[in-house]
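The values are calculated or read from the model by the stated rules, or taken from the named source; none is laboratory data. Predicted model, so just to flag it, every value in this text is computed and none were measured. So basically every Cβ, Gly included, is an ideal-geometry build from the backbone, and we count neighbours across all protein chains shown.
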Amino acid sequence: MTKTHVFDVVIVGGGGAGLMAALYASQNVKTAVVSKLYPVRSHTGAAQGGIGAALGNLEEDRWEWHAYDTVKGSDYLGDQDAIEFMCEQAVQAVYDLEHYGLPFSRTKDGRIAQRPFGGHTNNETKKPVRRSCYAADRTGHMILQTLFQQCVKNETTFFNEFHVMDLIMQDGKVAGVVALELATGEIHIFRAKAVIFATGGHGRMWEITSNAYAYTGDGAAVVIRRGLPVEDMEFFQFHPTGIYKLGILITEAVRGEGGVLINDKGERFMEKYAPTIKDLASRDVVSRAIYLEVKEGRGINGSNFVYLDIRPDVVNSYAEKDGRTRPDGTPYRITTKEIADKIPDISDFCQTYLGVDPVTAPMPVQPTAHYAMGGIPTNIDGAVIQDVNGTVVPGLYAAGEGACVSVHGANRLGTNSLVDLVVFGKQAGIKAAAYAKQSDLAELPDDAEAFTHQQIQQLKTGSGKEKAAEIAQEMRAVMSDKVGVFRTEEGLRSAVEELKVLRKRFLDVRIQDSTPQFNMELLNTWELGNLLDLALITAKSALERKESRGAHAREDFNKRDDKNWMKHTLAWLKENDVELAYKPVKVTRFEPQERTY
Ligand SMILES: Cc1cc2nc3c(=O)[nH]c(=O)nc-3n(C[C@H](O)[C@H](O)[C@H](O)COP(=O)(O)OP(=O)(O)OC[C@H]3O[C@@H](n4cnc5c(N)ncnc54)[C@H](O)[C@@H]3O)c2cc1C
């Protein structure tokens, strides 16, 4: 039996972007959040390092510097109108979070504490600037708790553990979404005037990843099956410091606090790759440096990892060498206690997963698939666009990691995702509510649930010749080997072909569990289908982009090529193939330059 619900705005996803959208939409119209996870279990809760905003609490800073760093970090692929908007709004957004009750770490005089982070600089001295606002190493967790309680206070309606499997459209306009309720297996239709997708990323298509199990790109997959495009999928960020073999993230804040990367020869190798900013260079730069060190045999004991060292004596000796000072001008020195206070969760993870206490031993790390720069294309209002001319889909919005506005371009700076969530989550919430206020509810098509049933039926009636776990494993291997930190024409071409075969084999998967209640096998298999679709688009978009920019590094085209490639990719899934088109980058005040470090 299908249940039908009616709201003005329905938000898919209860993470930072979804909750921020809900908070603002629910102030004006009847709003629901439909989330496959209980909201505070969303991946935003894993964000450790902080949220970037030019508050200038500890030293001079300006939002324009933040904007320039973001444009440069994006390797000139970010849309500068959106970046300027984000960096300017970031300051107020952080104060709003403070006023909602977020327990930020504090300076001695009671202001919000800030620390340096990769790629964030004083544009005049070129030195790292303290811009990341943090709550110890639990910033994302605090954001979720704070926003969730505010949404509850605003009487947002929550449908938790409901998996959205389809978007309903009528005459080119949004009519709602269809979801499966985990506890009962029932199908629900959510009619809405406006829908916001805030479903997070898709890093589970790689072997080593920092991403939660839920990061399967559901929003993008649902949208592409309705004939809409995704943007810039070839750009996926590898964070340089995942725990060896596990991929669990060690925040950049460790390097912000003075941690250094060391190879098998005991060298601080980032001095070679980024002489000015060293260990705090952008993530793409540091990931490639680790890859090259390993390739040239300088991984620890010849293996494929390096050390991240935050032992106080090591940090202090490099800080002395660099002439690093505290805000009051005294030499920068760190104590064991300060490390324990500033990165408690990291110390805990290392002891739990590695048996290593970071104040007495270095941590083994390797690059880990971390963040999707690409996603559902939107304009600066969070409205989803459907072509290279920026035509919007009436009633459809997207925000957060699952969207591409694009403020991160080819490479995201640390702390800029949380800013993106709060700034554009808010924007999408406000704009969707305004749209809903002046629109009528679209009629439901007769077969509103048909495609959802068809997807479920397919998973239940496949021939059973293939196993989902094997296909998943093969997909991750292809993506890691051929669509990883470094890419080649040959590798990408074979990745595209292999992924096409995997997508065909996936049709022969049949799930074993037929119970309606809590059928995780059904949902996890459906999620694998989403990853396969997005993996194919990622590989194909990467194959066609014949240059190196940001996170997309081609061994065969190893330079950035602004003349031919300073443009965004839009990709449509067509049966078992991908169609691509390109749209220009918006440039306001920052002309492309070589990236120097
Ligand atoms: C380990 C880690 C550390 C990070 N640290 C930082 C940091 O310090 N600073 C920073 O700026 N960024 C950081 N990031 C990145 C940042 O945390 C994420 O990009 C961001 O939190 C994503 O927020 P979101 O709201 O888009 O998605 P999420 O918070 O993941 O929320 C997605 C929501 O969508 C829902 N959903 C998904 N699919 C469906 C479906 N089919 N039906 C219904 N609901 C669905 C989920 O239930 C969830 O509620 C980090 C990321 C990781 C993985």
Open item on the list: Just the residues that are buried (at least 24 other Cβ atoms within 10 Å of the Cβ) and among the aliphatic types (A, V, I, L, M), please, taken from region 228-239.
Closed with: Val230, Met233
Open item on the list: If I filter region 214-232 for residues that are more than 16 Å from the ligand (Cβ to nearest atom) and either among the β-branched types (Val, Ile, Thr) or part of a helix (DSSP H, G or I) (or both), do I get at least one hit?
Closed with: no
Open item on the list: Among (1) within 16 Å of the ligand (Cβ to nearest atom); (2) more than 24 Å from Arg111 (Cβ to Cβ); (3) touching a strand residue (DSSP E or B) at 6+ places or on another chain (Cβ under 7 Å), there is one condition Gly52 misses while meeting the rest; what is its number?
Closed with: (2)
Task: Some residue of region 567-581 being over 30 Å from Glu161 (Cα atoms), hydroxyl-bearing (Ser, Thr, Tyr) and surrounded by 15 or more Cβ atoms within 10 Å (Cβ to Cβ) - done: yes
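Results for (1) surrounded by fewer than 23 Cβ atoms within 10 Å (Cβ to Cβ); (2) over 20 Å from Gly16 (Cα atoms); (3) at pLDDT 95 or above, shown as yes or no for each residue.
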| site | (1), (2), (3) |
| --- | --- |
| Val33 | no, no, yes |
| Pro39 | no, no, yes |
| Thr44 | no, no, yes |
| Ala47 | no, no, no |
| Ala67 | no, yes, yes |
| Gly73 | no, yes, no |
| Ala90 | no, no, yes |
| Phe104 | yes, no, yes |
TODO: Residue by residue through region 1-31, note down the ones that are more than 16 Å from Ala192 (Cα to Cα), away from the ligand (no atom under 11 Å from the Cβ), at pLDDT 95 or above and of a type outside the set (A, V, I, L, M).
DONE: Tyr24
Task: Selection count, region 233-262, where residues are assigned to a helix (DSSP H, G or I) and near the ligand (Cβ under 10 Å from one of its atoms) - done: 1
Task: Complete set of residues in region 106-119 that are buried (at least 19 other Cβ atoms within 10 Å of the Cβ), at pLDDT below 95 and under 13 Å from Leu55 (Cα atoms) - done: Arg115, Pro116
TODO: Mind counting the residues in region 477-515 that are hydroxyl-bearing (Ser, Thr, Tyr) and in contact with a Lys or Arg (Cβ under 8 Å, 6 or more places away or on another chain)?
DONE: 3
Open item on the list: Looking at the structure I just gave you, is Tyr95 surrounded by fewer than 17 Cβ atoms within 10 Å (Cβ to Cβ) and either among the hydroxyl-bearing types (Ser, Thr, Tyr) or within 30 Å of Ala410 (Cα to Cα) (or both)?
Closed with: yes
TODO: Among the candidates Asp387, Asp381, Asp348, single out the residue that is surrounded by fewer than 24 Cβ atoms within 10 Å (Cβ to Cβ), among the acidic types (Asp, Glu) and within 16 Å of the ligand (Cβ to nearest atom).
DONE: Asp348
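Any chance region 50-65 includes a residue that's in a helix (DSSP H, G or I) and within 30 Å of Lys559 (Cβ to Cβ)?
Within region 50-65, the subset in a helix (DSSP H, G or I) is 63-65.
Then keep just the ones that are within 30 Å of Lys559 (Cβ to Cβ); that gives 64-65.
The answer is yes; a qualifying residue exists.
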Task: First in region 88-114 and aromatic (Phe, Trp, Tyr), second anywhere and outside any helix (DSSP H, G or I) and buried (at least 19 other Cβ atoms within 10 Å of the Cβ), Cβ under 8 Å, 6 or more apart - done: Phe104/Ile112; Phe104/Ala113; Phe104/Cys133; Phe104/Tyr134; Phe104/Ala135
TODO: Working only within region 307-345, note down all residues that are loosely packed, with under 11 Cβ neighbours inside 10 Å and part of a loop (DSSP other than H, G, I, E, B).
DONE: Gly323, Asp328, Gly329, Thr330
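Which residues, counting only those in region 101-127, are outside any loop (DSSP other than H, G, I, E, B) and more than 16 Å from the ligand (Cβ to nearest atom)?
Answer for region 101-127, where residues must be outside any loop (DSSP other than H, G, I, E, B) and more than 16 Å from the ligand (Cβ to nearest atom): Arg106, Thr121.
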Task: Which listed residue, of Lys583, Lys563, is touching a Gly at 6+ places or on another chain (Cβ under 8 Å) and either closer than 16 Å to Cys404 by Cβ or not in a loop (DSSP other than H, G, I, E, B) (or both) - done: Lys583
Task: Filter result for Gln170 (within 10 Å of the ligand (Cβ to nearest atom) and touching a residue at least 60 places away in the same chain (Cβ under 8 Å)) - done: no
- [ ] Output the residue which, of all residues in region 240-291 that are crowded, with 24+ Cβ neighbours inside 10 Å and of a type in the set (Asp, Glu), is farthest from the chain's Cα centre (by Cα).
- [x] Asp279
Task: region 539-560, residues that are in contact (Cβ under 8 Å) with a residue 60 or more places away in the chain, of a type outside the set (A, V, I, L, M) and assigned to a loop (DSSP other than H, G, I, E, B) - done: Arg545, Gly550, Glu555, Asp556, Arg560
- [ ] Would you mind stating whether Tyr24 is within 21 Å of the chain's Cα centre (by Cα) and surrounded by fewer than 24 Cβ atoms within 10 Å (Cβ to Cβ)?
- [x] no
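Mind listing just one residue for me: the one in region 247-262 that is among the β-branched types (Val, Ile, Thr) and in contact with a Lys or Arg (Cβ under 8 Å, 6 or more places away or on another chain) and, of those, farthest from Gly302 (Cα to Cα)?
Among those residues, the one meeting the criterion is Val260.
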